[in-house]
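First the structure, in the form of structure tokens, and then the observations on it.
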Amino acid sequence: MNIALIGYGKMGRLIHELAQKRNHQVVCIIDEGNRSDIDSKAFREADVAFEFTNPESAVQNFLDAFEQNVPVVSGTTGWLEHWETVSQACRKANGALFYASNFSLGVNLFFKINRKLAELMAGFPDYQAHIEEIHHTKKLDAPSGTAISLADQILEFNKSWKNWKLNPYAKHKELPVFSLREGNVTGTHSVHYVSEIDKLSIRHEAFSRHGFAIGAILSAEFLKGKKGIYGMDDLLSHQ
Ligand SMILES: NC(=O)c1ccc[n+]([C@@H]2O[C@H](COP(=O)([O-])OP(=O)(O)OC[C@H]3O[C@@H](n4cnc5c(N)ncnc54)[C@H](OP(=O)(O)O)[C@@H]3O)[C@@H](O)[C@H]2O)c1
């Protein structure tokens, strides 16, 4: 495939390297300094654009890519309050978007375990849940998109909580999510259930960004020729 990269930071560069190894060609690279190149012949020649930028830029990048008729695979986190705007624009333009808060296979298996555990623990109200996520100090958003996904999955199965809350003081009916920023940690997520007598925990720790980049490339290959909005559940059910 011909690919465009919107955002040429840690993820954009790694996707470039790994996509070439899978015989894809990079035809356009857009970073903050040459953003206007999204309206260019080179960009329109891409079969797919990978969008890994930041919460402030992502939505405009999606809208511009839909306008240029280029499908988008994005992993940028922290913009989901604009989901409705993005999905409407995608439908209106008959575009294609593959979005995942986390592209790694291990994390998506972790999501499945989290859902099952939440369902099981719903019957044991003596256990109080909380989520902890640790990332490198350059991460711009908190909590991580992955932690939000974990929280939403727990809320779906366990009605003890009404919503999640970032770093809260203990408050009834709010599922606490604690965000820590340390060194260059790639991403560690834990879900804990604590009672007065014991603690039950599940944890996923990413050792490198490779899992995210490979997942994003597989998602782009999956998206080829499709219209509409897709996520990891669609990809995994086709494996
Ligand atoms: N879903 C997943 O699996 C997954 C995995 C890892 C990371 N992420 C997320 O992906 C995003 C990027 O992560 P990263 O580690 O690659 O960050 P990064 O190293 O900071 O790279 C972001 C890049 O985007 C560029 N940029 C900023 N504004 C832009 C704009 N308007 N148009 C085009 N490019 C722009 C930045 O350019 P400048 O340096 O010039 O500002 C930078 O090169 C973050 O939201 C992160 O949380 C998701």
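Tabulate in residue order the Karplus-calculated ³J(HN,Hα) for segment 66-73, using 6.51 cos²θ - 1.76 cosθ + 1.60 with θ = phi - 60°, rounded to whole Hz; enter x for Gly and Pro.
4, 4, 8, 6, 10, x, 10, 10
According to a simple spin-label model (label point 7 Å from Cα along Cα-to-Cβ), what is the distance in nm between R91 and E17?
Result: 4.1 nm between the two label points.
What order do you get for 101-111, 182-192 when each peptide is scored by the mean count of other beta carbon atoms within 10 Å, highest first? Spell out each step's value before the answer.
Details: 101-111: 20.5, 182-192: 16.9.
In descending order of packing, they fall as 101-111, 182-192.
Taking N as the number of residues in segment 1-80, what is its alpha-carbon radius of gyration divided by 2.2 N^0.38 Å?
0.98
Return the equivalent ellipsoid semi-axes of segment 151-197 as a descending list in whole Å, where each equals the square root of 5 times an eigenvalue of the C-alpha gyration tensor.
22, 13, 12
Please list, in order along segment 220-236, the HN-Hα scalar couplings obtained from phi with the Karplus expression 6.51 cos²θ - 1.76 cosθ + 1.60 (θ = phi - 60°), rounded to whole Hz, x for Gly and Pro.
In residue order, the calculated couplings are 5, 5, 5, 6, 3, x, 9, 10, x, 10, 10, x, 4, 4, 5, 5, 5 Hz.
Compute the signed sum of charges (Lys and Arg +1, Asp and Glu -1) over the other residues within less than 11 Å, Cβ to Cβ, of A89.
-1
Could you give the dipole magnitude of the chain about its Cα centre, charging the beta-carbon of Lys and Arg +1 and that of Asp and Glu -1, in debye to the nearest 20?
For this selection, approximately 260 debye.
Using the C-alpha gyration tensor of segment 111-239, what are the square roots of 5 times its eigenvalues, in whole angstrom, with the largest one first?
Working: eigenvalues 158, 73, 35 Å².
The three semi-axes for segment 111-239 are 28, 19, 13 Å.
Below 8 Å between Cα atoms, with a sequence gap of 6+, how large is the relative contact order for the chain in percent? Before the final figure, lay out the partial values.
Working: 448 pairs, mean separation 48.7, N = 239.
RCO, the chain: 20 percent.
Looking at the chain as a GNM with Cα springs under 10 Å, which of G123, G145, G228 has the largest mean-square fluctuation?
Maximum among the listed residues: G123.
Just to check I understand the Karplus step: with θ = phi - 60° and J = 6.51 cos²θ - 1.76 cosθ + 1.60, what whole-Hz values come out for segment 131-144, glycine and proline as x?
With coefficients 6.51, -1.76 and 1.60, one gets 10, 10, 10, 10, 9, 4, 6, 8, 5, 8, 10, 8, x, 5 Hz.
With a ≥ b ≥ c taken as the square roots of the eigenvalues of the C-alpha gyration tensor of segment 49-110, please select rounded if a/c is under 1.5 and otherwise prolate if a/b is larger than b/c or oblate if it is not?
It is prolate, given that a/c is not under 1.5 and a/b is the larger ratio.
Can you pull the percent of segment 105-206's accessible area that's carbon plus sulfur, 1.4 Å probe, other chains left in place?
Carbon plus sulfur share of accessible area: 56 percent.
Two decimals is fine: what is log10 I(q)/I(0) at q = 0.17, 0.19, 0.30 Å⁻¹ for segment 107-147, from a Debye sum with one equal scatterer on every Cα and no solvent?
For segment 107-147, the Cα-only Debye profile gives -0.61, -0.71, -1.07.
So what's Rg/Rh here for the chain, counting alpha carbon atoms and using the Kirkwood radius for Rh?
Dividing the radius of gyration by the Kirkwood radius yields 1.00.
What is the list of residues in segment 118-154 whose amide nitrogen lies under 14 Å from a point 7 angstrom out from the Cα of K199, following Cα to Cβ?
128-133
The values are calculated or read from the model by the stated rules, or taken from the named source; none is laboratory data. Please read these numbers as outputs of a predicted model, since none were measured by experiment. Every residue, glycine as well, gets a Cβ built from its backbone with ideal geometry; the counts of neighbours run over all protein chains shown. These area figures cover heavy atoms from the full protein model, side chains too; ligands, DNA and RNA do not enter into them. Shrake-Rupley method; radii C 1.70, N 1.55, O 1.52, S 1.80 Å.
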